[in-house]
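> One structure coming up, written as C-alpha cells, with questions to follow.
The values are calculated or read from the model by the stated rules, or taken from the named source; none is laboratory data. This one's a predicted model, so the numbers in the text were calculated from it and none came from an experiment. No Cβ is skipped: glycine too gets one built from the backbone with ideal geometry, and neighbour counts run over all protein chains shown.
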Amino acid sequence: MRGDSFSVSIESLPDSPSSSRKKKKKKISKVFDKMTQWVTPWRSKSDLPRERRILRGDVEQEEFQYASSHCLSSYYSVFVVRLAIMVMLAILIGLLTILTWHFTRIYTKQSLQTLAYGLRYELLQRPILRMWSVLNTTSELTTAQVKLSEYVIRKYDKPTTQEELVEMYQAMKDVTWALFTSAKALNAITIKYRNGFVQAFHRDPASSSTYYIFSDLKNYSISGTRPEDVSMTLGHGWHNHTIHGNMSAIWYQQQLDPITGARLGKPLQIPPDDLINIAGISQVPDGEASWHVTVSKYMDSPLLSAALPVFDASNKSIVAVVGVTTALYSVGQLMRDLVEVHGGHIYLTSQEGYLLATSTNGPLLTNTSKGPKLMKAIDSEEWAIKAGAQWLEKTYGRNRPHEIHAENAKLGDQQYYIDSFYLNLKRLPIVGVVIIPRKFIMGKVDERAFKTLVILISASVCIFIIGCVCILILTNGVSKEMKLRAELIRQLDARRRAEASSNYKSQFLANMSHELRTPMAAVIGLLDILISDDCLSNEQYATVTQIRKCSTALLRLLNNILDLSKVESGKLVLEEAEFDLGRELEGLVDMFSVQCINHNVETVLDLSDDMPTLVRGDSARLVQIFANLISNSIKFTTTGHIILRGWCENLNSLHDEMSLTGDRKKPWAPIKTKLVHHRNHSQKSCKNENKMVLWFEVDDTGCGIDPSKWDSVFESFEQADPSTTRTHGGTGLGLCIVRNLVNKMGGDIKVVQKNGLGTIMRLYLILTIPDNADQICQPDFSKYGLVVLLSMSGSTARMIQSKWLRKHGIATVEASDWNELTQIIRDLFETGSRENSFDSQHNIAESLRAELSNIQEIKNPVFVIVVDIGILDLTTDIWKEQLNYLDRFSSKAKFAWLLKHDTSNTVKTELRRKGHVMMVNKPLYKAKMIQILEAVIKNRKRSLSNTMSNRGNGSDESHDCLEIDPTQYDTCSSDDSSETSSEKQGDKSVKPSTLPSPVLKNYLLDIAKSNDDPTSGTQKKQEEEEDWKDRSNRLYSGIALDGKNQKSLQGIRILLAEDTPVLQRVATIMLEKMGATVTAVWDGQQAVDALNYKSISAQDSIQEYKLSEQETTQSGFQNSSFYDLILMDCQMPKMDGYEATKAIRRAEIGTELHIPIVALTAHAMSSDEAKCLEVGMDAYLTKPIDRKLMVSTILSLTTKSSTLLTSFSA
Amino acid sequence: MDALVAQLQRQFRDYTVSLYQLGFLDDQFTELKKLQDDDSPEFVAEVLSLFFEDCVKLIGNMARALDQTGGSTVDFSLVGSSVHQLKGSSSSVGAKRVKGLCVTFKEYCEAQNYEGCVRCLQQVDIEYKTLKTKLQDMFNLEKQIIQAGGKVPQVSIN
C-alpha cells in the first residue's frame, strides 16, 4: 500500500520541468538513495512489492512521455532492488547460521548427554558393585566362619570339662585365625559363645597391627542356659545374659604377628566393648544373618558388620554368634579414584541418609560425646555433597524415586548433573548419588557451541557484508544501465524537442514565405502591366522581362521554401515533367550574370554537347538547386569566375565512361561506387526507363571552404564561417535545400578539392530521358569554314567557348583586349600589310601565330567576330573610334556584340546605326554562340542566294557558293516556322541531328543581317527585325501576350461551382471579361445536376446537329455537353468539389467524354493538389484567383480537347 | 471645377493608397477594380455588397454557434467552415485584414480554442465594419468625383 502510493506520487510528477529542477530532483533522489541504503528493514519490506512491479518489465512498456519521471523512479527501483536482495541475503545467511549452530549443538549435546548418562551410571555402578562385592566377601567370610565354627563346635560337642572347652576354644581360635589372615580386607572377626566367651581378631589399620581379643575363661561356666531354651527365649535370654555376662567379664587384648599369628608380648586387659563391636545374640534375633553399619573408635570410616548365628549339631540352638566387620574404606577409596579421573562427587548413603562412603576425604563420622557416629549426607562437611543432598531433599522430599537423573541441578552458582541409584540389599538398602558438575561433561561442548556460534555469527556477518558489496557491484551495472537508459530517454526527449523546434522553424519559414508571396505577386503583376505597355523600347522590354523572370524566380524560391518544410517532413512530391534542361540553366545563368557583372565576376555555363536537352524531372527544383548554388558562389566570390559545368553519363555505359574520363572523375571514387550500386538498383527497378546520370559542377573562385566544413555546410543553418551572416548575409539554408533536393532526385552533392582558390561543388542527379526526344541536336558548323574571333575580356568564358568551337571544327582565335583584337584583325584581313608589319607579328604568340596560319589556309572563310562590349573603352569617347575602326571590316566579317545588361542606349543605338544587329546579352554560352553562328550562316545563305539569283553581279564571294551542299544548306537555313511546320507534318526526311532545336533560335536580342546586299533594302531588314522582336516577345513573356488578348477565352463555356457569392461573382466577371460564357451554380450537387441535364439535352442536340450537318458548330463537336470546362470549388456545402468530381467522373465512365475540371481551393499545399488530381480533376488553381494562371490553365485544357477533336473530326 | 476635381482625385488617390498601406486591402482589390468597366460599372460595389452580406450572414452563423452553448459544446467544425468561407470571400475581394484575421480564427478553431474564437469573431466583426465604412467613404469620394465631372483615377499601389 505504502509502496503503491509512493510510486504513484513519483510517476505523477510533471514530466517537463526545467532542467535545473530536474537536476535538483536528481540530487535529492541520490541523497535519498544513499540515506536509505542503510535504513531499517521495514522500508525494504514496504518497498518490495513496488520493486517487483517495476522489475516485471514495466520499463519496456513505459512510454517516453513519462521519461523524466521514469528516470527518477529508476533510481528508486535500483535502490529498492539492492535493498531487497540484501535483505534476502541476510535472511538466508541468518537461517543458515542458526540451523548450522542448532544442529551441531543439539546433536553433540544429545550424544554427549547419552554418553554422560552412561558414564554417570557407570561411575555409580562401580562403587556400588564394590560395595556389593564387599558385602559378598563379608557374607562369605561370615558364612565360612559359621560353618567352621559349627564344625569345631560339633567336634567338641557338649564339652564337659574345662579342658575340653579350652581345647575347643583353642581350635576355634586357630580356625578363626586362619580365616582372618586369609581375608585381609576384614577388620575383625568376633565369636561370642553362648556362655559369653568372646574370641575376636581385630586389625587396627592405623597401627597396622593385629590383635587377639578374648575374655577370661574362668568366669564362664560350661553349663549355661539350656539349649532347649534358646529357641524359646532366644532374644531375651541371650541378650540379658550377655549383657550381664559381659559386664562381669574381663577382656584381654593380645597383639599378634599379622602373618604368623605368633603372640607378641603379653595380653593386656582391656575394658569390654571398648575396641570393637562384638556381635551378640541380639544381632541375630531371628537366627538369620544381619547387617549393620557401625563405627569404630579406631576407624574414621563406617564399618560394615555382619552377624550370623552358629547352631549346634541339632540345629536347634544357637551356640555362638559370629560377627565379621569389614571397613567400607575401600569403597571410598575406589570412589575417590573414580572421581579423580572423572571429577565430581560420589557418595553412598544408607536408606536413612547416613553417609557410607564418599569420594571426598571429608570425615564420614561425627564425633559426639558418645563416640563417633554416622553422619547424614545433608550434614556432610563436604559442600558439594551437602548441597546435592539438600537439593535432592528439596526437590523430591521424602518419597524419593529409586532412580533420579537430574541434569540441571543448580548448586550454588554451578550446574550439576545429579544421579541417584538405589541398591536394594536385604537389610541394608544403599543409595548412591553422583554429583558431576555440568562443566565436566558439557563444559567443552558448551564452550565449543559458544565458539561455534561466535564463529558462525562472525562468518555470516562477513558473508553478509561481502554479499552486500557483491550486490552493490553487480547492481552497479544495472544501475548504470538504468542511468544510461534514463540518459537515453532524456536524449530522446531532447531530440523530440529539437524536432519540434525544427518544425517550428519550418513553420516559420513557411509562414514567412507565404507572407512574402503576396508582395511578390504584386511585383509580378505590375511588371505584367509594364510589359503590356506598348511604349517600351526593346531594351526596356528586355529588362522588364528580365525583372519579371527574376521575380518569378523569387516567387518560385518562396514557394520552394514553403516546400522545404514538406521536404523535411517527407511530403515533397517531385514533379515528373519534360523540360529543357539546357534552357533552364541558361536562363538561370542569364539571371545571375546580371548580379555577377556587378560583382565583376564572370558567369560561365559550360555544358557538354552530350547533355540531353529534354529530360524528365522537376524543372523548378532543378533550377532551385542551381540557383542556390550559384547565388551561394556569387556571395563569396568577389573576382574571378563562376562556372557551371555539366556533363552526363549514361547509366548503362557508365563503366566505359568511367575508364575513359579518368582524370575528371578521380576524386569521385566513393561516389562512383555508390553510383554503381545505384545503377544496379535502378537497372532492376526501372529497366525500361532511360536513366541518365547528370554531373554538374559549380566552380567559383571565392574564398573557399575549409575542408573540415565540407560536410557541415550542407546542414541546416550551417555556415562555414560564423561571420558569414554579418559579411554576406543569408541564413545558411540554401545548401541545405540543395542537398535535400539533390538527394530527393537520387543524387548526391559534395564539395571537392580544388587546385587554387575557391570551391567546387560537385553533384550528380539521376534523371530520366524521354524516349521519344531527339536528344542531341548538334549542328554541324565545320562545313562552312567558319572562323570565329572571340574577343572577350573574361578569360574563362573565352577559353571555354573557344575550346567548344574548336571541338566543332571551327577555327577560333582569341583576343583578350582591344590591342590584341586589332592585331589579329589586321593579321586576318589586311593581308597585304601583314607581311610588312613585323613589329606587330612580334606581339603575337607562337600558338596564335600557328592558328592564324591555319586560318589562312581555310578556303572561303566566314569570319565571325564576337566582340565583348567591355573591350571597347566606354569610359571615354574612344569607343566610337574603335567602332569605326571595326566597321571597316564589317564587309569581311560578321560582328556579334556581347552587351552587358547595363550597356547604355547610346552604345546600342550607335551599334545599330552602324548595322550591327547581332547583339546578345552577356554571358555568352553555347546556345547563344550557336544562335550567332546560325544567324551568320543564314545571312550568308541569303547573300549567297542573292548572288545565285543574280549571278551576273559577280559578287566577290560568288565562287564559293558552289561548295555548299544544297541539302544541308536548305535544312540549316530553314527558319523557325518552317521547321515547326515540317515537324508537324511529320517530315521524317529531316535529319534530327542536323536540326537546330527551335528554342535555340530565341536567344538573340536583336538580330538582322548585315546589310551588304543593297537589293534587299530596308523593308526586308525591318521585316527581319519584326520577326525577331516577335520571337523575343514570345520568349520573354508568353503570358504577357495572353494578357493583352482580353478575349482569349472567347467562346468557351464554363460551369462555375462556387458557394461563396463574392467569389462566384468575381470569377464570373473575370471569365466573362475574357469572353467566356459562365454558368454559376452554388454547390457540387447543382454542378452534377447541371451537367447531367445538359449532357442529356446535348445528346439530343447532337442528334439534331447530325441531321443538319451544315449547322454543326465547333462546340457541338468539342464536347457532348454544353460546358467546355468546370471550375470547381473544393469546399462547398451539400456536396464538395471532390465528391462532385467523383460523381461526374463516374457518370463519364463508358462514354468518351472527359470534361476538364479545374479545382479552386484556398489550400495551397501540393498535398491538396495531389488530392484534387486523385479524384479526377485536371488542374488546380488557388484562391485568390490569378487571372493569368487561370487563363493559361483553361486554355491548355480546352485547346487540348479542341485540337483533339479537330483532328478527330478531320 | 477642375481644381476641385483634381483635389478630389488626389484625395481619392491618397485615401485608396492609405487603405492599401494600412493593410485593409490588397492587390486582389485592384484586380477587382480592373474587372469593372463600362459593361459592368457597378461591379466592385456589387461584389462588395455581396461580400458584406456574406459577412453579416457568416458572422451571424458563427456568433450563434459560439454563443448558444457557452463554450462547452461548441461545434467548431461549423464555425470552421464558416471561417473558411469568409476567408475565401475576403481574399477574393482583397479584404486583407479580414482575411488575416480569418487565418488566425481558423487556427483557433482547429485548436478548439473557445476564447480565441470569440475574440477573433469580435475582431472580425469590428474589422469588416471598419472596412465597410472605409469603402463607403471611398465610394462616396468616387461619386463626388463623378458628380464633379471628373474621372475616377486608376490608383496603383507600389
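> Taking B:Ser92 as meeting all but one of (1) farther than 14 Å from B:Tyr20 by Cα; (2) modelled with pLDDT of 85 or more; (3) surrounded by 15 or more Cβ atoms within 10 Å (Cβ to Cβ), write down the number of the exception.
Among (1) farther than 14 Å from B:Tyr20 by Cα; (2) modelled with pLDDT of 85 or more; (3) surrounded by 15 or more Cβ atoms within 10 Å (Cβ to Cβ), the lone unmet condition for B:Ser92 is (2).
> Also, quick follow-up: May I ask you to say which residue of A:Leu92, A:Leu72, A:Leu83 is at pLDDT below 80 and of a type in the set (A, V, I, L, M)? Show your work before the answer.
Values: A:Leu92 fails: at pLDDT below 80; A:Leu83 fails: at pLDDT below 80.
On inspection, the qualifying residue turns out to be A:Leu72.
> Can you go through A:Gln162, A:Gln145 and tell me which one is crowded, with 18+ Cβ neighbours inside 10 Å, touching a residue at least 60 places away in the same chain (Cβ under 8 Å) and either closer than 21 Å to A:Ala327 by Cβ or out of contact with any Gly (no Cβ under 6 Å at 6 or more places or on another chain) (or both)? Quick ask: steps written out before the conclusion?
Details: A:Gln162 fails: crowded, with 18+ Cβ neighbours inside 10 Å.
None of the other options fit; the residue is A:Gln145.
> Oh, and also: Just to be sure, is A:Asn939 over 19 Å from A:Lys783 (Cα atoms), surrounded by 21 or more Cβ atoms within 10 Å (Cβ to Cβ), polar (S, T, N, Q) and modelled with pLDDT under 80? If you could, list the steps in order and put the result at the bottom.
Working: over 19 Å from A:Lys783 (Cα atoms): no; surrounded by 21 or more Cβ atoms within 10 Å (Cβ to Cβ): yes; polar (S, T, N, Q): yes; modelled with pLDDT under 80: yes.
The answer is no for A:Asn939.
> Here's a check for you: in region A:1057-1075, which residue that is more than 7 Å from chain B (Cβ to nearest Cβ) and part of a helix (DSSP H, G or I) is farthest from B:Lys87 (Cα to Cα)?
Only one residue tops the list, namely A:Glu1072.
> Now, a different point. Let me confirm something: among B:Gln85, B:Gln136, B:Gln123, B:Gln154, which residue is within 13 Å of chain A (Cβ to nearest Cβ) and surrounded by fewer than 21 Cβ atoms within 10 Å (Cβ to Cβ)?
Details: B:Gln85 fails: surrounded by fewer than 21 Cβ atoms within 10 Å (Cβ to Cβ); B:Gln136 fails: within 13 Å of chain A (Cβ to nearest Cβ); B:Gln123 fails: within 13 Å of chain A (Cβ to nearest Cβ).
Result of the check over B:Gln85, B:Gln136, B:Gln123, B:Gln154: B:Gln154.
> Then there's this: With of a type in the set (A, V, I, L, M) and over 25 Å from A:Gly587 (Cβ atoms) as the only criterion, which of A:Ala927, A:Ala893 stands out? I'd like the intermediate steps shown before the answer.
Values: A:Ala927 fails: over 25 Å from A:Gly587 (Cβ atoms).
Unique residue meeting the criteria: A:Ala893.
> Which one of these does B:Ser92 not meet: (1) within 11 Å of chain A (Cβ to nearest Cβ); (2) on the phi > 0 side of the Ramachandran plot?
(2)
> Taking A:Asp563 as the residue in question, decide whether it is surrounded by 17 or more Cβ atoms within 10 Å (Cβ to Cβ) and at pLDDT 80 or above.
Details: surrounded by 17 or more Cβ atoms within 10 Å (Cβ to Cβ): yes; at pLDDT 80 or above: no.
Spelling it out, it is not the case that A:Asp563 is surrounded by 17 or more Cβ atoms within 10 Å (Cβ to Cβ) and at pLDDT 80 or above.
> Only residues that are free of Cβ contacts under 8 Å to residues at least 40 places away in the same chain and facing another protein chain (nearest Cβ under 9 Å): list them for region B:25-61, please.
Of everything in region B:25-61, those that are free of Cβ contacts under 8 Å to residues at least 40 places away in the same chain and facing another protein chain (nearest Cβ under 9 Å) turn out to be B:Lys34, B:Leu35, B:Gln36, B:Asp37, B:Asp39, B:Ser40, B:Phe43, B:Glu46, B:Leu50, B:Glu53, B:Asp54.
> Let me ask something else. Within region A:385-437, restricting attention to residues that are among the polar types (S, T, N, Q) and out of contact with any helix residue (DSSP H, G or I) (no Cβ under 9 Å at 6 or more places or on another chain), which residue is nearest to A:Leu135 (Cα to Cα)? Steps first, please.
So in region A:385-437, the residues among the polar types (S, T, N, Q) come out as A:390, A:395, A:399, A:408, A:414-415, A:420, A:424.
Imposing the further condition that a residue be out of contact with any helix residue (DSSP H, G or I) (no Cβ under 9 Å at 6 or more places or on another chain) reduces the set to A:395, A:399, A:424.
Details: A:Thr395: 31, A:Asn399: 26, A:Asn424: 13 Å.
Within region A:385-437, the match that is nearest to A:Leu135 (Cα to Cα) is A:Asn424.
> Among the residues of region A:306-338, which ones are free of Cβ contacts under 8 Å to residues at least 40 places away in the same chain, closer than 21 Å to A:Ser133 by Cβ and of a type outside the set (Gly, Ala, Ser)?
Once the filter is applied, which keeps residues that are free of Cβ contacts under 8 Å to residues at least 40 places away in the same chain, closer than 21 Å to A:Ser133 by Cβ and of a type outside the set (Gly, Ala, Ser), region A:306-338 yields A:Gln333, A:Arg336, A:Asp337.
> Assess whether B:Glu115 counts as being among the acidic types (Asp, Glu), assigned to a helix (DSSP H, G or I), more than 8 Å from chain A (Cβ to nearest Cβ) and over 11 Å from the mean Cα position of the chain (by Cα).
Details: among the acidic types (Asp, Glu): yes; assigned to a helix (DSSP H, G or I): yes; more than 8 Å from chain A (Cβ to nearest Cβ): yes; over 11 Å from the mean Cα position of the chain (by Cα): yes.
Against the criterion (among the acidic types (Asp, Glu), assigned to a helix (DSSP H, G or I), more than 8 Å from chain A (Cβ to nearest Cβ) and over 11 Å from the mean Cα position of the chain (by Cα)), B:Glu115 qualifies.
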